[in-house]
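Worksheet: one structure, shown below.
The values are calculated or read from the model by the stated rules, or taken from the named source; none is laboratory data. Please read these numbers as outputs of a predicted model, since none were measured by experiment. All Cβ positions, even for glycine, are placed from backbone atoms using ideal geometry, and neighbour counts span all protein chains on display.
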Amino acid sequence: MSGARNQPNETDVFDGFKFRVVALGEAAVGKTSLLRRYTENAFDEEYKATIGTTFASKDVELEYEGGHSRKVRLVLWDMGGQATYRELRRQFMKGASGAIIAYDVTRPETYMAMNTWFSSFREVCPDAAVVICANKVDLEDQRMVPNEPGYMLRDWFQAEYFETSAKTGVEVEKAFIRLAHMIMDKVKEEGRGPTM
């Protein structure tokens with residue numbers, strides 16, 4: 001992680017911490033929908049593949065015991081899941097403080113690919129925080145990956161695990177807030193400044 005980027009300047013008056021977060025996972029697992037639900041509280045029924053990368057940001061106030069709070073801006077990079085974007089993803093992962101790695105509970109092959117996504121992220125960002133999202137849990141009748149394999153991933157990756165639905169919003173905000181806390185905890189532990 002490079003030095004602190006939390007000083008205001010002429011173009012950006014935000015005076016909190018800024019962190020880059022990447023969304024990873026196979027194509028069509030709902031990465032864009034998760035980010036859109038979190039940043040805009042909206043959901044689009046129609047699937048549109050992410051071409052390359054796009055980004056959004058959201059400012060949050062992290063609450064701590066004793067009434068303390070910290071302002072954090074999550075700069076969320078949405079990465080196309082297609083294999084053709086592999087090298088582009090590596091470039092955008094550099095300097096990330098955290099990742100949301102998602103799979104679709106109705107498509108077991110997206111779960112099977114999780115180790116590849118996690119490993120490729122760890123190669124570039126060995127110490128960054130990771131949250132796993134088992135997405136599309138609203139499709140209960142189509143669910144093919146139960147929660148136990150998700151718990152196995154959680155333990156294996158030493159990550160946090162959430163069962164999310166970008167459509168209904170269940171657990172989405174909780175997952176992002178938890179990731180923000182994990183990133184902040186690492187910064188405090190290591191005495192390092194955040195990056196965007």
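Points to keep in mind about this one:
- Any hit, the stretch 81-92, residues being part of a loop (DSSP other than H, G, I, E, B) and of a type outside the set (A, V, I, L, M): yes
- Residues located in the stretch 112-129, provided they are under 23 Å from A28 (Cβ atoms) and either surrounded by 22 or more Cβ atoms within 10 Å (Cβ to Cβ) or touching a His at 6+ places or on another chain (Cβ under 9 Å) (or both): M114, W117, F121
- Members of the stretch 162-178 found to be among the hydrophobic types (A, V, I, L, M, F, W, C) and either in a loop (DSSP other than H, G, I, E, B) or surrounded by fewer than 20 Cβ atoms within 10 Å (Cβ to Cβ) (or both), listed by number: A166, V170, I177
- Any hit, the stretch 160-175, residues being out of contact with any helix residue (DSSP H, G or I) (no Cβ under 7 Å at 6 or more places or on another chain), closer than 14 Å to S97 by Cβ and β-branched (V, I, T): no
- Matching entry among V29, V21 (being in contact with a strand residue (DSSP E or B) (Cβ under 9 Å, 6 or more places away or on another chain), on the phi < 0 side of the Ramachandran plot, modelled with pLDDT of 95 or more and in a loop (DSSP other than H, G, I, E, B)): V29
- The one condition in (1) in a helix (DSSP H, G or I); (2) at pLDDT below 95; (3) among the polar types (S, T, N, Q); (4) crowded, with 18+ Cβ neighbours inside 10 Å that T195 fails to fulfil: (1)
- Meets criteria (modelled with pLDDT of 95 or more, buried (at least 20 other Cβ atoms within 10 Å of the Cβ) and either assigned to a helix (DSSP H, G or I) or out of contact with any strand residue (DSSP E or B) (no Cβ under 6 Å at 6 or more places or on another chain) (or both)) for I183: yes
- Selected residue (criterion: modelled with the highest pLDDT) from residues of the stretch 32-63 that are among the β-branched types (V, I, T) and over 14 Å from C133 (Cβ atoms): T39
- Of all residues making up the stretch 139-161, the number that are surrounded by 16 or more Cβ atoms within 10 Å (Cβ to Cβ) and either free of Cβ contacts under 8 Å to residues at least 24 places away in the same chain or over 9 Å from V105 (Cα atoms) (or both): 8
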